[in-house]
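The values are calculated or read from the model by the stated rules, or taken from the named source; none is laboratory data. Keep in mind the model is a prediction, meaning the values are calculated, not measured. Using ideal geometry, Cβ is built from the backbone for each residue, glycine included, and neighbour counts are taken over all protein chains shown.
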Amino acid sequence: MAFAAFGSANAPATSKPTRSGKVVIALLAPGLAYLGAFFLTPLFALIMVSLEVPDPNGGYATYVPGFEFGNYAYVIQEYLPHILRSFGYALAATVLALVISYPLAYFIGVKARSWPLMQKLMLTLVIAPFFISFLLRTLAWKQMFSNESWIVTTLQDLGLLGQTQYVVGTPFMVIFGLTYNFIPFMTLPLYTSLERLDIRYLEAGSDLYASPSKVFRKITLPLSMPGIISGTLLTFIPIAGDYINASGDFLGSSSTSMIGNVIESNYLQINDYPSASALSVLLMGVILVLVSVYVKKSGTEDLL
Amino acid sequence: MRFSLGKFTLPLYAVLAFIYLLIPIVYTFVFSFNNSLKTNLIWRGFTFDKWTNVCQREGVCQAFGNSVFIGIISTIFATGLGTMIAIALVRYRFKFRSSVNLLLFLPMATPEVVLGAGLASQFFNLGVQKGIWTIIIAHIMFCLSFVVVTVKARVASLDPALEEAGRDLYANPTQVFWKITFPLLLPGIASAALLSFALSFDDFIITNFNAGSDMTFPRYVYTAAARGVPAEANVIGCAVFALAILIVLATQINGEVKRRKLAKVH
Amino acid sequence: MAKEFVARGADLELKQIRKEFPGFTAIDNLDLHVPAGEFFALLGPSGCGKTTTLRLVAGLESPTKGQIFIGGKDVTATKPHERPVNTVFQSYALFPHMTVLENVAFGLRQRKVADPLAKAKDALNLVQLSHLADRKPQQLSGGQQQRVALARALVNRPSLLLLDEPLGALDLKLRREMQIELKAIQMEVGLTFLHVTHDQEEAMDMADTVAVMNLGHIEQMGAPETLYDRPKTVFVSKFLGQSNLLIGDVTSTSANSISIDVAGNKISVPKARAEKHNGKIAIGFRPEKATFQTKKPAASADTNVIGAGEIIDIRFTGVSNQYLIEVPELGNITVFAQNMGKSPFIEVGAKVWISWSVENSFGLADLPANIEEA
């Protein structure tokens, strides 16, 4: 998928699986067992914990196994605003990331094809933000837009912002940060898809009297759809669960709390493990639904 | 394909986009030279001090050291396990392919809060004390899938006839792997290792859930964010950034040089 | 130098081979014997199973049923790296991360042969590429890569050398040169070569024996001249060169020949050249063995005549003229006339009779697919 662009030369896959035998099991077993132990089992652990009840005999924050489905009702009721907000921000940030990344990916993947070294360098620039701690880069935005910063005071002076209005702590800032941090996740899959686009389709479109915008709408866009879909999945899902950008220490405030913040505070601060787990399971459930819709349409081979 | 505004729109857009992507990096870099005291919010003057005395700030270098250690160990295991899976997926036919693909995809698609909380619950249930090794276990888990994806692309572009030629020329399967497959896969494995290290080094959320009192570099930054991140953190961040960019650029330029050297001869 | 490759070739035997893949059967009931020291060609269209056969002999696939013998030893269960067989792959499969010399020395190193580099150098001398020993394969042209692949296989003195369409990627002129070279090396070195190809000219030119494969089994096997002169099945008659086929029931038999009646013409074929002697039979003749006249020729016991037909197309191919003649009730007949300097003065639309010697007819064992058996 996306990361393949990072890993190999632009050579497309040529070989098909041919061999069979016991070696496969030896190759797959260790890694898959590891995932089974440290990915699947924890997910089940989450489900178990989400159904726990407070220990009647225990002290603060001790729980015993149970079947308290009411935990889910509680969590949905209590945190509905946060849930909706999360998906709202995620949707906004994903759309923004798509709009910003698509022309960039198009430029690198289609227009710059005659200069492969430039393509590689530009891709490096795209993922460069990854190489600096994402906390540091989010903090950089916070400081650039902080209440006393040059940017904010200028906007206030120009009358675009009220004297008591600030940027940091608003939904705008959170979405801005989310978009920024996840642009590479959107650009790489788009690039991979557009890089494989056969220009001759576009030429055929022009030859058949389609204007440039029609060519884009009817040919380029549909053909790059796999990239759009995988980019959207790769962006929307992590954004929905993010809590750094919305946290009060970074770009958000208590009014911009997302599911991730709630889970984090419930787990690490209030120690309300069942609620945190219930929310996690809900979040995971939504994601599984999205992924299964995708898999139903396109199968599993393109996932990796 | 042209936009109606002329053929410079797209390159101009790209330049603007790159500037946008790089602004925080430049900001962080500039402020690593700030002659700051406790917080690094206001510019006080230019100094090299923070770069030359970076370890004087309490905790920064320990956190950095921990992150490097965790990164290296996680990368070794994730790359080993992941490479084996990638080879199996590309070269072999087996029945439960779709399930394996799905199982490998899900950790990449699961939000870090869920991964972190789940593992933390699991460790708690097992009575395992959180520490450096729980962090490493967590990192191996989420880096695995990324390694598989990266190596898989490389394996798929490898001509299977090369391995068959090896067997035809009296090499048993083990020799074929070490003398033919592995050397040719090495660039892909190296990319995967680099990616895995980068993901591990920069990880915060999963680490935060599964660390005891141990500090990694991102944890250090997070806990310092409330009162003010010291410029020394900027120094380390920028140093890592520079190193990573250098490695990637060096690899790409090296690849290009090699390609040009291999001009056809008769 | 050839004396260093003194190991004589071994013979190859395939008994009752069946190879199934998930979803289809590639080879069914295959029996094959290649004598030692022979240049043997396995010829057939794509999908006929010839490459699969080669891979079975190399050990890269295992047969579902049947046995494989090399030099008399049963190697069916032996792994590829334990068989005295080497392959020249269609894509050459030269290791890109090793020099040409190391590529050639690879097999020797695996077998722990003494002095691998010196022997590799000798092999490169044999194919006249020792000046490129330190290059990487990517720096070589297609023809050079092919020769390195050959050297890499030959240096191991295999009892049996397998060649999987090795000349397919070369342009025409280079292919002709390599055909001559390969044949020369095989004769000089005395190994058994099993050459797989879909190019019938190549097979007929280079091989001592040709086996024509179709749909997983061998249709006919023999010396190229025999196969060409006397095809036994419709497939072979059409795959090797071109044939005109006439179908009819046997109406009369004599001491030496049988005859059929098609559209009023009596067509005869010698019994020795007919696969069956009664019932419905397809009798064929090659386009270059026939001539045509504008006047009906006199009847004769040793000439077959059909006509009258109309010339509907004339193609000039440099070497010859190819005439397509439509004969009522018989279909389109092709006749080649060698270009002797001045073409026969004839035009499209002319009415002609076609004749050929009875000795040049052949009777096939089967009938074309769209004809029902009698």
Sort out which residues of the stretch C:77-123 are among the β-branched types (Val, Ile, Thr), part of a loop (DSSP other than H, G, I, E, B) and under 32 Å from the mean Cα position of the chain (by Cα), and write them in order of number.
C:Thr78
Scanning the stretch A:137-160 for residues that are touching a residue at least 40 places away in the same chain (Cβ under 8 Å) and at the interface with another protein chain (Cβ under 7 Å from one of its Cβ atoms), which turns out surrounded by the most Cβ atoms within 10 Å (Cβ to Cβ)?
A:Leu139
Do we have any residue at all in the stretch C:54-66 that's in the same structural domain as C:Arg18 (by TED's automatic domain parsing), more than 23 Å from B:Pro173 (Cβ to Cβ) and free of Cβ contacts under 8 Å to residues at least 60 places away in the same chain?
yes
Looking at this structure, is C:Leu32 at pLDDT 90 or above and buried (at least 21 other Cβ atoms within 10 Å of the Cβ)?
no
Hey, A:Pro212 hits all of (1) without any contact (Cβ under 8 Å) to a residue 60 or more places away in the chain; (2) more than 28 Å from B:Tyr20 (Cα to Cα) but one; which does it fall short on?
(2)
Looking at the structure I just gave you, is A:Tyr79 at negative phi, surrounded by 13 or more Cβ atoms within 10 Å (Cβ to Cβ), within 14 Å of chain B (Cβ to nearest Cβ) and touching a residue at least 12 places away in the same chain (Cβ under 8 Å)?
yes
Pick from the stretch B:1-33 the residues that are among the polar types (S, T, N, Q) and either part of a helix (DSSP H, G or I) or at pLDDT 85 or above (or both): which of them is surrounded by the fewest Cβ atoms within 10 Å (Cβ to Cβ)?
B:Thr9
Residue list for the stretch A:251-279, filter: at the interface with another protein chain (Cβ under 7 Å from one of its Cβ atoms) and polar (S, T, N, Q):
A:Ser277
Residue by residue through the stretch C:60-71, note down the ones that are assigned to a loop (DSSP other than H, G, I, E, B) and either in contact with an Asp or Glu (Cβ under 8 Å, 6 or more places away or on another chain) or within 21 Å of C:Met206 (Cα to Cα) (or both).
C:Leu60, C:Thr64, C:Gly71
What is the number of the single condition among (1) more than 7 Å from every other protein chain (Cβ to nearest Cβ); (2) in contact (Cβ under 8 Å) with a residue 12 or more places away in the chain that A:Phe134 does not meet?
(1)
Looking at (1) away from chain B (no Cβ under 14 Å); (2) buried (at least 18 other Cβ atoms within 10 Å of the Cβ), find the lone condition where A:Gln163 falls short.
(2)
Which residues, taken from the stretch B:34-54, are free of Cβ contacts under 8 Å to residues at least 40 places away in the same chain and assigned to a helix (DSSP H, G or I)?
B:Asp49, B:Thr52
Checking the structure you have, find out if any residue of the stretch A:220-242 is assigned to a loop (DSSP other than H, G, I, E, B), within 16 Å of A:Ala97 (Cβ to Cβ) and within 16 Å of the chain's Cα centre (by Cα).
yes
In the stretch A:233-250, the residues that are out of contact with any Gly (no Cβ under 7 Å at 6 or more places or on another chain), more than 7 Å from every other protein chain (Cβ to nearest Cβ) and among the small types (Gly, Ala, Ser)
A:Ser247, A:Gly248
The number of residues in the stretch C:268-302 that are β-branched (Val, Ile, Thr) and over 22 Å from C:Gln322 (Cβ atoms) is 2
